[in-house]
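Presented below is the structure to which this report refers.
The values are calculated or read from the model by the stated rules, or taken from the named source; none is laboratory data. Because the structure is predicted, anything quoted here is derived from the model rather than measured. A quick note on method: Cβ atoms are made from the backbone with ideal geometry, for glycine too, and the neighbour counts reach across all protein chains shown.
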Amino acid sequence: MLSSNGTIMRSSKQLLAGFHPVNAANDYGLDALYVWPNGEIWFSTEDDFQDQTLGTISAGDLLSDQGYIVFRNADLLKAFAPAKAPSDVGLDALYVVTDATPPAPRPRLNIQADTAAGSAGLTWQGQGRVFQVERADVITGPFQSFSPILPDLSFDDRGTLTNRAQSYYRLRQW
């Protein structure tokens, strides 16, 4: 694991220190990486390896530098995998949505009604990495998740002007 200035932050051996590979001298590669605010590192390896305690660790299993398997690759892919896909396609990138990091400043939300289409267009500017629109029938709520978690800066509430008397929106960000 290298920093942006070229410094080695963790070697492969250091990342795997909590594990017990049968062949500890091998470099199993590094694919995905996430560093938590407390310093714990989640990562996956490019190659499978045999662990003396945990058994087979597959390429793409999400591991912690604390020495445990966060998720098996097959479990991460279960909801998305087409019927004829290989059982293990690895893990080349990792994006964690969490409330464990300090929130960014509140985003600015703009709502534009499109009466011809019967929809409300929501756009926003914010420093979050991902966003989710929440909607309620009354201003006091309850607000419920309305959109998927989005990396985008816009969302259309189609049909809201024809199907609802009123809608109130708020925006979550991570």
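Remarks
- Within the option set Gly90, Gly121, Gly126, being surrounded by 15 or more Cβ atoms within 10 Å (Cβ to Cβ), outside the structural domain of Arg164 (by TED's automatic domain parsing) and among the small types (Gly, Ala, Ser) holds for one residue only, Gly90.
- Filter pass, Thr98 being under 29 Å from Tyr169 (Cα atoms) and modelled with pLDDT of 95 or more: no
- Residues in the range 32-60 that are touching a helix residue (DSSP H, G or I) at 6+ places or on another chain (Cβ under 9 Å) and in a loop (DSSP other than H, G, I, E, B): Ser44, Thr45, Ser58, Ala59, Gly60.
- Taking the criterion of being surrounded by fewer than 18 Cβ atoms within 10 Å (Cβ to Cβ) and either at pLDDT 95 or above or within 16 Å of the chain's Cα centre (by Cα) (or both), the residues of the range 41-50 that qualify are Ile41, Gln50.
- Total residues in the range 2-31, condition in a loop (DSSP other than H, G, I, E, B), within 12 Å of Thr45 (Cα to Cα) and not charged (D, E, K, R): 5
- Enumeration of residues in the range 61-79 that are closer than 15 Å to Ser12 by Cα and either without any contact (Cβ under 8 Å) to a residue 24 or more places away in the chain or in a loop (DSSP other than H, G, I, E, B) (or both): Asp65, Gln66, Gly67
- Note on the range 99-171: enclosed strands (runs of 3 or more DSSP E) holding 2 or more residues that are free of Cβ contacts under 8 Å to residues at least 40 places away in the same chain and among the polar types (S, T, N, Q) are 108-114, 119-125.
- In the range 147-174, the residues that are of a type in the set (A, V, I, L, M, F, W, C) and under 21 Å from Ala104 (Cα atoms): Ile149, Leu150, Leu153, Phe155, Leu171, Trp174
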